[in-house]
1. R0 = 22 Å: FRET efficiency of Val435 with Asn347, Cβ-based, nearest 0.05?
2. So if each residue of separation counts as 0.36 nm, and I subtract the Cα-Cα distance between Thr71 and Arg42, what length gain in nm does that give?
3. Within region 352-431, what whole-number % of the accessible surface is contributed by carbon and sulfur, with the 1.4 Å probe and all protein chains included in the calculation?
4. Grab the Cα-Cα distance for Tyr258 and Val211, subtract it from 0.36 nm times how many residues apart they are, and report the gain in nm with one decimal.
5. About its Cα centre, what dipole magnitude does region 299-407 give when the only charges are +1 on Lys and Arg Cβ and -1 on Asp and Glu Cβ, stated in debye to the nearest 20?
6. Report, to the nearest whole %, how much of the accessible area of region 185-257 belongs to carbon and sulfur atoms, 1.4 Å probe, protein only.
7. Could you give the nm distance between label points at Glu336 and Leu422, where each point is 7 Å from its Cα heading toward the beta carbon?
8. In nm, give the distance between the simple-model label positions of Val103 and Arg24, each being 7 Å from the Cα along the Cα-to-Cβ direction.
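The values are calculated or read from the model by the stated rules, or taken from the named source; none is laboratory data. Not measured: the values here are computed from a predicted model. Quick reminder, even Gly has a Cβ in these numbers, built from the backbone with ideal geometry, and neighbours come from all protein chains shown. Just the protein is used for accessible areas: all its heavy atoms, side chains included, with ligands, DNA and RNA removed. Shrake-Rupley method; radii C 1.70, N 1.55, O 1.52, S 1.80 Å.
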Amino acid sequence: MASVTEESAVDTGPVGAEIEDERRGRALAGEPPFKERPAPDRLGAALKDAIVAALIAFALAGPMVGLRTETAIGGLSLSQHWLPVAAIVGIVFVGRLILNLFVWGHRGGGATAITATATQRLTTGVNLANWRNPGLLVAIAFTLVMPFMPFADRYWMDQAIVVLTYCMLGWGLNVVVGLAGLLDLGYVAFYAVGAYSFALLATNFDLGFWVCLPMAGMLAAGWGLMLGFPVLRLRGDYLAIVTLAFGEIIRVVLLNWYEFTGGPDGVSGIPRPTLFGIPFDRSEEGFAAVFGLEYSPLQRIIFLYYIILILALITNYVTLRLRRLPVGRAWEALREDEIACRSLGINTTNTKLSAFAIGAMFGGFAGSFFATRQGFISPESFTAIESFIILAVVVLGGLGSQFGIVIAVIFLNLAFELLRELQEYRMLIVGMSMVLIMVWRPRGLISTRLPSITLKGRAKAVRGELVGEGSG
């Protein structure tokens with residue numbers, strides 16, 4: 001007994017403590033001591049895992065990157081590019097080896113992984129939530145004066161419009177995915193309905209942007225209800241597959257219904273928005289002539305920028321207000337547990353339909369703005385990759401977080417622009433960066449949740465790690 005006590009007093013780390021506990025139990029029971037297993041060969045296991053990962057990378061990159069078809073005089077020819085494949089395989093091998101040896105914790109050694117240390121050093125979602133209101137005020141002030149900054153040329157204004165458009169789309173999808181917990185992979189369908197509704201109404205009936213804007217939103221909301229009815233009994237992966245199919249159905253219809261939508265030729269000649277009937281052109285009735293200014297094409301871009309800024313702020317305000325209303329609390333109850341939601345007497349049918357309709361309405365508004373900004377739309381602008389990007393924005397930012405969506409949109413836009421010269425490798429690098437973010441922030445950049453209603457005092461942010469996540 002004394003020997004056991006003395007041995008157990010030795011500090012051998014977490015794994016060593018487990019071994020000592022088992023040895024002590026065997027000694028007390030009078031059983032023979034067990035043979036200690038040899039320490040695992042970490043280098044050999046890491047090399048084996050890295051080789052397997054490299055082989056998988058070769059199997060994927062070989063046919064996709066190493067072999068390419070090129071158009072020749074006699075027809076198609078197959079060209080070989082094995083140097084990029086070798087680079088990809090080498091990067092995967094070295095990266096996986098480094099991860100096994102230095103990043104992931106020792107199996108049985110009690111070491112702390114570098115990822116865990118980095119996560120502890122990163123600022124928490126609660127701290128970021130504390131900066132939400134001051135950051136919102138600064139962001140609104142900056143966006144209002146940005147067109148008059150010295151650096152605000154055509155390029156930066158276009159990028160700002162793209163960021164605001166995707167913020168609006170992300171906030172609209174956040175109603176469906178983040179608040180109601182309904183995984184929607186076909187959100188681009190409502191974006192397309194809004195764009196084509198405005199384009200067809202404006203070109204065929206000579207209606208202006210401000211008249212068509214609410215009509216496009218209502219038509220998109222109607223299509224949201226049409227999607228909601230067939231999927232009332234579906235959840236999780238099945239719901240995602242149906243919504244993905246719905247988005248593809250809309251795109252195929254737009255592509256093949258040539259007499260109505262123009263088919264692959266799209267719709268052109270879409271009118272531009274006006275300021276109380278004043279166009280932004282060189283004519284004597286134009287904006288510059290009426291206000292005695294020198295004409296500049298940037299004036300129309302600035303006007304479009306303020307339109308999407310107002311639409312995005314309205315979307316943000318409405319979704320925040322809806323979250324505090326009974327319908328918003330019903331969405332969150334549905335997200336956490338649908339069975340418990342039914343047991344509380346909440347009508348889940350109306351709750352789901354309202355989420356689909358409101359989210360689709362904001363997508364329709366964004367689509368109508370996209371149509372008037374471009375002046376031309378075609379089915380190629382509404383592919384499934386757009387839905388995936390919008391969903392990635394919501395997931396990266398944090399489900400239910402408005403501020404996190406803004407951060408995610410800015411990050412993705414900067415990544416796409418900075419890596420534009422890398423062509424096909426751009427998506428690979430962006431995808432790897434998204435994987436790294438999700439490893440460190442599994443619940444998104446802003447994982448905190450503010451209670452929608454409190455009994456007393458001001459609501460305090462709750463870390464996402466402390467909140468159970470329902471299946472939806």
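1. 0.05
2. 5.5 nm
3. 71
4. Stretched out fully, the Tyr258 to Val211 stretch lengthens by 14.4 nm.
5. 360
6. 71
7. The modelled label-to-label distance comes out at 4.1 nm.
8. Placing both labels 7 Å along Cα→Cβ, they lie 3.8 nm apart.
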